[in-house]
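Asker: Handing you this structure, nothing more for now.
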Amino acid sequence: MKRIFVAIDRTSKVAFAELYSCAKRVVAAEFLRRVLNRLPYKVELFLNKAKRKKNVMLSLSKHLYRNTT
């Protein structure tokens with residue numbers, strides 16, 4: 001079963017989507033890393049699908065910022 005990851009930037013009205021075979025934290029962090037690298041500004045807030053503020057960076061930080069030095 002394929003999983004789709006979607007990110008919508010409300011500022012620029014740009015959407016990103018990618019298909020994956022699994023939905024693990026490492027995969028989600030890699031998707032977010034690719035999205036963040038494409039945006040021309042720093043993202044400070046993420047909303048989950050229920051539009052609640054969520055600190056995704058804390059829960060994915062060990063995966064999101066690995067080997068970025």
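Asker: Would you mind ranking Val14, Val35 so that the residue whose beta carbon has the fewest other beta carbons within 10 Å leads the list? If you can, show how the numbers build up before the last one.
Answerer: Numbers: Val14 12, Val35 20.
Fewest-to-most ranking of Val14, Val35: Val14, Val35.
Asker: Amide H to amide H, which residues 5 or more places from Arg3 or on other chains are under 5 Å from it, using H placed in the peptide plane?
Answerer: Tyr20, Ser21, Cys22
Asker: Based on the Cβ-Cβ distance of Tyr41 and Lys2, what FRET efficiency does E = 1/(1 + (r/R0)^6) give at R0 = 35 Å, to the nearest 0.05? Kindly include the intermediate steps, with their values, before the conclusion.
Answerer: On the way: r = 31 Å, r/R0 = 0.87.
It comes out at approximately 0.70.
Asker: Mind listing the phi-derived Karplus ³J(HN,Hα) values for segment 23-40, rounded to whole Hz, using 6.51, -1.76 and 1.60 with θ = phi - 60°, and x for any glycine or proline?
Answerer: 10, 8, 4, 4, 5, 4, 5, 5, 4, 4, 4, 5, 5, 4, 5, 8, 8, x
Asker: So how much slack lies between Asp9 and Arg25, counting 0.36 nm per residue of separation and subtracting their Cα-Cα distance, in nm? Before the final figure, lay out each step's value.
Answerer: Details: separation 16, 0.36 × 16 = 5.76 nm, distance 2.06 nm.
That pair, Asp9 and Arg25, stretches by 3.7 nm at full extension.
Throughout, read-outs are computed from the coordinates displayed, never taken from laboratory work. If you're wondering where the values come from, they're calculated on a predicted model, not measured in any experiment. Don't worry about glycine lacking a Cβ; one is built from the backbone with ideal geometry, like all the others, and counts go over all protein chains shown.
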